[in-house]
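To start, the structure under review is shown below, and the notes come after it.
Derivation of every value follows stated rules applied to the coordinates shown; laboratory data play no part. Computed from a prediction, not measured in an experiment: that's the story for all the values here. Because the Cβ atoms are built from the backbone with ideal geometry, glycine has one as well, and the counts that use them run over all protein chains shown.
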Amino acid sequence: MEAKVGAKTKEAQDTRWRFVNRTMRLHGNAPHALIETLHSVQEHFGFLDTDSLKYVANALHVPLSLVYGVATFYHYFTLKPPGDHTCVVCKGTACYIGGAATILNTFEDEFGIGPGETTSDGKISLVTARCLGSCGLAPAVVFDGEVKGRMKADEVLEKVRRWTENDTNV
Amino acid sequence: MTLTFEDLQQIAKIEKDKQEGIKYQINVCVAAGCLSCQSGVVKESLEREVNRRGLENWTRVKGVGCLGLCAVGPLLYLEPDGVYYQGVQVSDVSEILDSLGGSPVSRLDCSSHLPFFKRQQKIVLENCGKVDPESIEDYIAEGGYQALYTALRAMTPNEVIDDVATSGLRGRGGAGFPTGLKWTAVSKAFNKTKFVICNADEGDPGAFMDRSVLESDPHRVIEGMAIAGAAVGATNGFIYVRAEYPLAVRRLRHAIAQAERLGVLGKNVFNTTFDFEIKVRLGAGAFVCGEETALIASIEGRRGTPRPRPPFPAEFGLWGFPTLINNVETFANIPPIIRNGGDWFAEIGTEKSKGTKVFALAGRVNNTGLIEVPMGTPLRDIVFDIGGGIPENRRFKAVQTGGPSGGCIPEQFLDMPVDYESLAKVGSIMGSGGLIIMDETSCMVDVAKFFMEFCMSESCGKCVPCRVGTTQIYNLLSSITNGTGKSADIPNLEELCDLVKNTSLCGLGQTSPNPVMSTLRYFRDEYEAHIHDKTCPAGACNCGGSKEAK
Amino acid sequence: MNDNIKKTTPNGWTIENNGWALQDFEEQAAASSGKVKVATVWLDGCSGCHMSFLDIDEKIIGLADLIEIVYSPLVDIKQFPGGVDVTLVEGAVSSDEDEEKIHEIRNGTNLLISFGDCAVTANVPAMRNQFKVDDVLTRAYVENATFNQQIPRFGVPRLLKKARPVHEIVNVDLFLPGCPPPSDAIYYVLGELLEGRIPDPKGKTRFGA
Amino acid sequence: MTEQRLHPRGKPLRTDVNPVRLLMCKIDGKDISAREDETILSVARQNGINIPTLCHLDGLSERGACRLCIVEVKGAPRLLPSCVTLVRQDMEVTTNSERVTAYRRKILELLFTERNHVCSVCVSNGQCELQALSVELGMSHVHFDYIYPRHSIDATHSRFSVDHNRCVLCARCIRVCDEVEGAHVMDVMGRGITAKVITDLSQPWGDSETCTGCGKCVHVCPTGALSEKGKSVAEMTKRRQFLPYLQLMRKEGQK
């Protein structure tokens, strides 16, 4: 009950909940809308926090544990807030053969974070994708949503370093 | 509003008329591969330049789907000259426009890759690189939705199914189950409510066929699904597509909206009693959801864990209703089969594997990209003619088919025709069509480890052999690759592979040992070198002892 | 008499034979003191299995006529002798000393028996395997110590990263699980071996018994 | 045993429109007559043929996940889980061939390597189904390497505790909570080897807003993963008699 009240006030404050509510309504607020709704939450909030999971569970009449089970089953969903910038390294077969592992290792050496982690200052998140489908361009890396093909480890580092520098200048 | 055949022809005519005065057409690839090399910017600047020069009456710039040769994008195709341009940048735009009508810009010309284009036979991809994926009119101008009309107005559902059965089409998702049989089963199921699901959760790392088809020609898949719906008696369709393919999702949604507006989806399609609507459902990053029962669970909003079959989805599927599940490529094959008849399709390919197959060529090969060849084409032709051989003159080592469920095929089988049976015979599978080429610098143990890591992290965790077995196999492989392997590891690997293969619940588990088993079969010496000599013959793994040995 | 000895007993127990044959017993017994040489070893365990061995009570007197204990924590011999017929190994392999010792034992033994749960599954000693060695030592010798808080480094064997069951290090011929194995099961196993048969302890003991 | 008319997936079969036919099949060479809506497992057990199971529990829906109940069926290309496979006319089933027993033993070994099962210090020692299976299947040792994952213990609930080191992910607790108690407090989070049973939003059990504290989950748990507080080694006896009664009573109540 508390969760519902909490979420409602939150809803009043945050217009993004309207989009989430719209998604749920489109599916008749039925339990099977769970995954679509979680997509909607993540799209508008960047990640799934406990409050939003409770809100969705209440609205769709789905048990809490099931919501949590679904949210953790699918790798696309994240329960932690992402960094300001996200670097996605593709780990598809073609990219692996093309040297994605080296990119990941250098990344870890330079910034001290492994796949699925965010730097302690919350600036950079490193994510791996199982396949971006850009195998013709292996190895592929996505910088804040922009796909770049045939990346070398130092090129990746160069790009990411620029992020951190720009931000400190601002 | 209901659409008639005449309306279709009218739309096609208007579209054709528009193109009447066009002397030159520049097709710019706007599929994800080329878009990531800025083909969108190239297209915009071409359009701007055409307008600036006042050429718009006889020159048309058109965004089209995948042209295939993703390795050298962004790609352009000039009609009617039949010239392909590769690696086009914004700075090349004026030169290209200057050359129209004259000789092509030799610097950008990729005729050297011509065997790549010549050796292919396109059925599924016939519209890729031709039609604008965001325009239903363009699709109709190429004969689109006529097959649906035929299926609804000129054929009975049974005739449609017969045609599909005659064609010998087999599921393109991997297992190769005869499509006609599946359709028959669903059509016979006794229930008023039935569903058609298109499986676009293309999860194989190294495969991008479905994505390209959805991005380049979404209407073809929609038409195929509608025909299936009409044949089996379903009124609702779902397309389960990966959330990782935002472009494909956007184009699909756009295409569905267009189709609904025009009336090829919705109520009383083509003035018949047939109603059909399609919804898009997003996957969320789970390979196992390519398994049909897991996919159903996911559409129902649950964890994507498979359940034991039988009952099969044809009998007990989405929300318990009879459900037809086919892959993107399978549905994309349906309109041409209905248009040209099942016999026409059955003439292509080999005795047991009919038609063509789309492959995503990637890895250590010159021409990476999307290709479509008749079933039975020898692997050698695919790798060396179409693929253009191995870069830097290195030696070919193996080709991996079928992704994490497939196997590695060594050089001695290069002349083998590619079809379901031959691939199975050498310990691999057709899979959804990823072909990863590996050269002498690829370590086969490392490749096996890569796939096992994939299977381990994609295992849903429901059944014990897959959940624990894949982890055990992965642990053994990592100890072998880092130089701490023991000689008992190889028999242990074999034992675990056999166990996981024979006792797992679903297809993911049952096929997950394939990469290990096939590399053990053909490249056992590499495993032994890692264990006994602590060296990696390919020089890819750090086995500790490798430096001294070299 | 040995023709009917199978490598796998009917219920699937596997005997990993190291080129050793049972008939050697009697020959060797005759050649040396006339008794079968038995050793017992105590690695990382609580000695409960040895206690259970002693618990066979007065039957041990009969047994003593047939076997000679050539090495054991129960007798005062410092060096593992070699040429031993049967060795019962209690405890998991936890330290570098254990590891060295188990190789030596394997080399000097015909039939090696994993004796009790710690040897068979690493059991309680393996409960530390979830943690890093340093964390375990710190918890024991620093955080939980009232005086003299320091991790002993000298004169004690170094702990391995993980405590492991014996068969992960060397080949083991027979497994006798139980925590501890009941003394009847121990007596049965030795008795059967002395009779030249392969014992089948199924139903006489189990994990954690 | 109470009579069950359940589809393997828990869906009650409508007997009014589906008159159930009888058929003949052969299990381990023995001719047996059975109803067409029965599974191989239940038919075998009724006829005194034991098939080892772990995730199966009479009164809960079938999961088909532990794979210990696999059997050979003549003509079938694969081994089939007997708990979800319905009998068919003239079906020939072998429940205890060497091949099947060997697979079962290996699956059991995998289960032992997966988490940290230390029988000698377990509340369920001597009363554990996993332990009993190791005796039944003649598993003298585990010849695969142990994984030794790190798992937690949650003792926040006032009466029960959960030790994930001993969990085999059979999902009995989840099913009983969902199907019988109707609370669905528990579910599985994550996937693959990292899968774990959780309460609510993976929060401490004691903080759960939905748990009714009925303890059904504790008593259906086959191992010592779920136990009552205050029980020491080998003291945790599971009582499951409530399950068939509860099912029967609830069915009566619905009439």
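In deg cm²/dmol and to the nearest 500, what is the mean residue ellipticity at 222 nm of the protein assembly as shown if only DSSP H runs of at least 4 residues count, each as -39500 (n - 2.57), divided by the residue total? Write out the running numbers ahead of the final one.
Working: 44 runs with 421 residues, N = 1184.
Helices in the protein assembly as shown give a 222 nm mean residue ellipticity of -10500 deg cm²/dmol.
Just tell me, in residue order, which DSSP H segments of chain B are both 27 angstrom or longer along the helix axis (alpha-carbon based) and at least 1.0 in mean Kyte-Doolittle hydropathy.
none
Do any cysteines in chain A lack another Cys Cβ under 4.7 Å, and if so which?
Those would be A:Cys87, A:Cys131, A:Cys135, since no other cysteine Cβ in chain A comes under 4.7 Å of theirs.
Region B:107-182: which trypsin sites (Lys or Arg not before Pro) are DSSP loop and have at most 10 other beta-carbon atoms within 10 angstrom?
B:Arg107
Would you calculate the separation in nanometres between label points at A:Glu43 and B:Asn191, each defined as 7 Å from the Cα along the Cα-to-beta-carbon direction?
So the two model labels end up 2.9 nm from each other.
Can you give the FRET efficiency for D:Asp58 and B:Leu247, using 1/(1 + (r/R0)^6), R0 = 45 Å, r = Cβ-Cβ distance, to the nearest 0.05?
Efficiency for this residue pair is about 0.30.
Enumerate the calculated ³J(HN,Hα) couplings along region D:92-101 in order (Karplus 6.51 cos²θ - 1.76 cosθ + 1.60, θ = phi - 60°), each rounded to whole Hz, writing x wherever the residue is Gly or Pro.
10, 10, 10, 9, 9, 5, 4, 4, 5, 4
Taking the Cα centre of region B:356-439 as the origin and placing charges on Cβ (Lys, Arg +1; Asp, Glu -1), which of B:Pro374, B:Ile386, B:Phe396 is farthest toward the positive end of the dipole?
B:Phe396
With r defined as the distance between the Cβ atoms of A:Arg25 and A:Lys80 and R0 fixed at 45 Å, what FRET efficiency is calculated, to the nearest 0.05?
It comes out at approximately 0.95.
Could you tell me which of the pairs A:Lys123/B:Lys462; B:Lys18/B:Lys357; B:Lys18/B:Lys130; A:Lys148/B:Lys62; C:Lys101/C:Lys132 are separated by over 26 angstrom between their Cα atoms in the structure shown? Let's see the in-between values first.
Values: A:Lys123/B:Lys462 36 Å; B:Lys18/B:Lys357 34 Å; B:Lys18/B:Lys130 15 Å; A:Lys148/B:Lys62 24 Å; C:Lys101/C:Lys132 23 Å.
Distance filter (> 26 Å) returns A:Lys123/B:Lys462; B:Lys18/B:Lys357.
Hey, if you put +1 on the Cβ of every Lys and Arg and -1 on every Asp and Glu Cβ in region D:22-96, which of D:Leu80, D:Ser61, D:Gly48 ends up farthest toward the positive end of that dipole?
D:Leu80
Can you list the chymotrypsin sites (Phe, Trp or Tyr not before Pro) in region C:117-198 that are in a DSSP coil and have 10 or fewer other beta carbons within 10 angstrom?
C:Phe147, C:Phe154
Mind counting lysine pairs for me in chain D? Cα separation below 30 Å, and the two need to be 8 or more apart along the chain or on different chains.
Final tally of qualifying lysine pairs is 26.
Quick check: Cα centre of region B:310-340 to Cα centre of region B:371-408, how many Å?
Here the answer is 29 Å between Cα centres.
With just the Cα atoms defining each centre, how far is region B:220-269 from region A:48-73? Give it in Å.
Between the Cα centre of region B:220-269 and that of region A:48-73, the gap is 29 Å.
Going by Cα centres, region D:221-246 and region D:65-92 are how many Å apart?
30
Let me check against my output: what whole-number percent is the relative contact order of chain B, with C-alpha pairs under 8 Å and at least 6 apart? List each step's numbers first, then the result.
Values: 1194 pairs, mean separation 76.4, N = 550.
Here the relative contact order equals 14 percent.
Measure nothing fancy, just the Cα-based angle from helix A:50-60's long axis to the longest principal axis of chain A, in degrees from 0 to 90, nearest 10.
With rounding to tens, the tilt is 50 degrees.
Classify region B:80-137 as rounded, prolate or oblate from the Cα gyration tensor: take a ≥ b ≥ c as the square roots of its eigenvalues, call it rounded if a/c is under 1.5, otherwise prolate when a/b beats b/c and oblate if not.
On the way: a/c = 2.25, a/b = 1.38, b/c = 1.64.
The shape class here is oblate.
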